[in-house]
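Here the structure is laid out as structure tokens; the discussion comes afterwards.
Any read-out appearing in this document is the output of simple, stated calculations on the displayed coordinates, not a laboratory observation. Being a predicted model, the structure only gives us computed values, none of them experimental. All Cβ positions, glycine included, derive from the backbone under ideal geometry; neighbour counts span all protein chains shown.
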Amino acid sequence: MSTPTEHEHHIVGPKVYLMILAALLIFTATTTGVAFLDLGIFNPVVALAIACIKAVLVILFFMHLRYSSKVMKLTVAAGFFTFLVLITMTLTDYMSRTWGLW
């Protein structure tokens with residue numbers, strides 16, 4: 001009888017890792033390209049969005065969360081949600097500081 005904390009090990013092939021590596025390199029190049037664009041107040045928003053996408057890819061595949069239990073996924077999702085709330089609060093403060101200068 002297995003305990004609820006155990007799960008079947010999943011073997012990920014090298015093709016998946018190479019595809020994720022390629023996606024991460026593309027998103028890194030996208031981050032660099034967007035840094036040279038003048039998006040005004042949305043520069044940090046776009047940069048953080050790309051960083052979050054890259055973080056999700058790393059968490060899902062390199063940390064094997066995609067094949068983990070639902071409790072582990074819920075734990076990571078709660079931490080990611082907390083991170084997004086904190087970033088949203090920080091960006092709200094950052095954007096509101098320039099309201100008087102318009």
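Note down the nm distance, to one decimal, between modelled labels 7 Å out along Cα→Cβ at I26 and at I53.
Inter-label distance under the simple model: 0.9 nm.
Report the gain in length on full extension from K15 to V76: 0.36 nm times residue separation, minus Cα-Cα distance, nm rounded to one decimal.
Full extension from K15 to V76 adds 19.4 nm.
When the Cα atoms of the chain are enclosed in a convex hull and the volume is divided per residue, what value in Å³ results?
Looking at the chain, the number lands at 80 Å³ per residue.
Can you give me the span-like helices of the chain, meaning DSSP H runs with 27 Å or more of Cα extent along the axis and Kyte-Doolittle mean at or above -1.0?
Going by DSSP H runs, the hits are 14-35, 70-96.
Normalised by the residues of the chain, what does the relative contact order come to in percent, with Cα pairs under 8 Å and at least six apart?
Computed value for the chain: 29 percent relative contact order.
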